[in-house]
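Student: Got a structure here, written out as structure tokens. Questions coming.
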Amino acid sequence: MPGSVAPLDLAGVTIPHHFRCPISLELMRDPVTVCTGQTYDRASIESWVATGNTTCPVTRTRLTDFTLIPNHTLRRLIQDWCVSHRSLGVERIPTPKQPADAPLVRSLLASAAVGSVASRLAALRRLCALARESEKNRAVISTHETRLALLDIAFEGGEQPGCSDADQPALEAMAVLSMLPLSEAESAVVATRPERLHRLGETVKGHPSTEARINAAAVIESVATGTRSVETRATIGGMDGVMGGLVALVEQPGNPRAVRVGIRGLLAMCLAKENRARAVTAGAAAAVVRRMGELSSSDLERALATVELLCRGEGGREAVVAGWGGGAAAVAALVRLMAWKASGRAAEHAAGALVAVMGGSEALQREAVAAGVVAHLLLMVQGGCSDRAKRKAQLLLKLLRPAWPHHDFIANSDDFIQAF
């Protein structure tokens, strides 16, 4: 059950028994009734069911229907009670937002498919707002039928994206799709249609709305992730405007979502070898490197994975080094990032990038050793990293071996000897 059991009194005022959730004993904020006629707070009964319980907590009878019906009458009574006790410090509970359910989603999709621009736009904006509210709403919305319907709306009107009122439903459908994953079949619905790829490229490259560019980039990433074909990823990356648009988002000042979506898109593209040189040419290396210091842990992992892949492309190593201001600065930065989370995937990708950046340069190898990379690599070998991360650490240790000073801790380390 979420949270802890609250006291039966609130701000010195006794809470009426029928206002308390039978599960948590807390004041109900969103009372809902189950098929047995019992009422619970939504969060508590959802947690009860999510843990595998299939019976009503009060009556112990089996729940034959898991539909939760909002108890608006009881919620208003609770709100009135809160208001009447406001002078004693009791705060009024807010009116909960209506969660998404299958009938509501179907109704909104039907309104979005036909009708006036205003009515279609209103339905799509409601759908978008529901998707933004919670992961649960997105799970309800994200059915195969819904995603296909949204794809049809998002790409109506041909290859060129527009900015007129008539084009707004397509842009709003794209906004909803930017929050939903696409299956392989759904990705193919986009990837096998050149006019749709062209529209995505044109939108991410030059649409006047930043949000429209971000949403198009998110859909590009979903399509690239959903397809299992390397050739398809290469085709997407080769579309005019795609690489440049993704890089421009990474460079977007003061917009964390743009940076995050741009990096995710570049990583998805660079998984295809053909796209790495394209990304380098578009300026991806310098753009990603400049953002390293302001990223969250998950975004940093993706950024380092992108840098590692870029280093494997033509001109990638040189672009990454230049982005950091030289080989020594690049080595020092990668060692610092490795230390940031030595047992995580960020360290793994930093180690892979470091191998490429140093190449055969003995001077850069000495820089890495002086920066303390050996200790971090030994931690990766000894710690809970993946087998792939350990192999990268071992490869880097071998590469650096000529540059090691003769430290006693190395000579006496059983783990070090076993690593080779």
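Student: Take the Cβ-Cβ distance between S107 and L25 as r, set R0 to 45 Å, and report the resulting FRET efficiency rounded to the nearest 0.05.
Tutor: The formula returns an efficiency of 0.80 here.
Student: Take S386 and R228, extend 7 Å from each Cα along the Cα→Cβ direction, and tell me the distance between the two endpoints in nm.
Tutor: Roughly 1.9 nm, to one decimal.
Student: What FRET efficiency comes out for A129 versus S84 if R0 is 35 angstrom and r is the Cβ-Cβ distance? Round to the nearest 0.05.
Tutor: Details: r = 32 Å, r/R0 = 0.92.
Calculated transfer efficiency: 0.65.
Student: Looking at region 271-350, what % of the alpha carbon pairs are farther apart than 14 Å?
Tutor: Of all Cα-Cα pairs in region 271-350, 57 percent lie more than 14 Å apart.
Student: When only C-alpha pairs under 8 Å and at least 6 residues apart count, what is the relative contact order of the chain, in percent?
Tutor: 7 percent
Student: Please work out the average accessible area per residue across region 71-173, using the 1.4 Å probe convention, and give it in Å².
Tutor: Details: 5480 Å² over 103 residues.
I get 53 Å² per residue for region 71-173.
Student: By the gyration tensor of its Cα atoms, with a ≥ b ≥ c the square roots of the eigenvalues, what is the shape of region 98-169: rounded for a/c under 1.5, prolate for a/b over b/c, or oblate?
Tutor: Prolate, because a/c is 1.5 or more and a/b exceeds b/c.
Student: Let me ask another. Cβ neighbours within 10 Å, averaged per peptide: list 353-361, 94-102 in order, most packed at the top. Kindly include the intermediate steps, with their values, before the conclusion.
Tutor: Details: 353-361: 19.6, 94-102: 13.8.
Sorting 353-361, 94-102 by mean packing, highest first, produces 353-361, 94-102.
Student: Okay, next question. Applying a 10 Å radius around every beta-carbon, put 297-307, 263-273, 59-69 in order of their mean neighbour count, most first.
Tutor: Working: 297-307: 22.4, 263-273: 25.1, 59-69: 11.9.
The densest-packed peptide leads the list: 263-273, 297-307, 59-69.
Student: Please get the size of the charge dipole for region 272-318, origin at its Cα centre, with Cβ charges of +1 on Lys and Arg and -1 on Asp and Glu, quoted in debye to the nearest 20. Could you put the intermediate results ahead of the total?
Tutor: Numbers: 8 positive and 7 negative charges, 23 e Å.
So the magnitude is around 120 debye.
Student: Would you mind computing, in nm to one decimal, how far apart the modelled labels at E91 and T67 are, each placed 7 Å from Cα along Cα→Cβ?
Tutor: Computed distance between label sites E91 and T67 equals 3.4 nm.
Student: I want the local charge near T39. Using Cβ-Cβ distances under 13 Å, sum +1 for each Lys or Arg and -1 for each Asp or Glu among the other residues. Could the numbers behind the result be given before it?
Tutor: On the way: positive: R20, R29, R42, R75; negative: D30, D41.
Here the charged neighbours net out to +2.
Student: Report, in debye and to the nearest 20, how large the dipole of region 93-217 comes out about its Cα centre when Lys and Arg carry +1 and Asp and Glu carry -1 on their Cβ. All intermediate terms of the calculation are to be shown ahead of the outcome.
Tutor: Numbers: 14 positive and 15 negative charges, 63 e Å.
Computed charge dipole of region 93-217: roughly 300 debye.
Student: Turning to a different aspect of this structure: When the accessible area of region 255-315 is computed with all protein chains present and a 1.4 Å probe, what percentage of it is carbon and sulfur? Walk me through the numbers on the way to the answer.
Tutor: Values: 1070 of 2330 Å².
Here carbon and sulfur together make up 46 percent of the probe-accessible area.
Student: Would you mind checking the radius of gyration and Dmax of region 305-365 based on alpha-carbon positions, in Å?
Tutor: 10.6, 30
Student: Note the listed values (1) 43.8, 162; (2) 22.6, 78; (3) 27.2, 78, then indicate which one is Rg and Dmax of the Cα atoms in Å calculated from this particular structure.
Tutor: (3)
Student: Can you figure out the FRET efficiency of T55 with D165, using R₀ = 45 Å and their beta-carbon distance, to the nearest 0.05?
Tutor: Numbers: r = 52 Å, r/R0 = 1.16.
Computed FRET efficiency for T55 and D165 comes out at 0.30.
Student: Considering only protein heavy atoms and a probe of 1.4 Å, how much of the accessible area of region 104-247 is carbon and sulfur, as a whole percent? Before the final figure, lay out the partial values.
Tutor: Values: 3180 of 5820 Å².
Result for region 104-247: 55 percent of the exposed heavy-atom area is carbon or sulfur.
Student: Hand me the tally of lysine pairs in the chain: alpha carbons under 25 angstrom apart, and the pair either on different chains or 8 or more positions apart. Can you show the working numbers first?
Tutor: Details: K97/K136; K205/K273; K273/K390; K273/K392; K341/K390; K341/K392; K341/K398; K390/K398.
So the count works out to 8.
Student: Could I ask something else about it? Once the principal axes of the Cα atoms of region 202-360 are found, what is the range along each, listed largest first in whole angstroms?
Tutor: Principal axes ranked by extent give 40, 33, 27 Å for the Cα atoms.
Student: If you don't mind, there's one more thing I want to ask. Taking the solvent-accessible surface of protein heavy atoms with a 1.4 Å probe, what is the per residue accessible area of region 216-364 in Å²?
Tutor: On the way: 5470 Å² over 149 residues.
Result: 37 Å² per residue.
Student: Can you give me the C-alpha center-to-center distance between region 224-281 and region 130-197, rounded to a whole angstrom?
Tutor: 18 Å
The values are calculated or read from the model by the stated rules, or taken from the named source; none is laboratory data. Note that the structure is predicted; figures quoted are calculated from it, not measured. Cβ sites come from the backbone with ideal geometry, for glycine too, and all protein chains shown count toward neighbours. Heads up: the accessible areas ignore ligands, DNA and RNA and are worked out on the full protein's heavy atoms, side chains in. Shrake-Rupley method; radii C 1.70, N 1.55, O 1.52, S 1.80 Å.
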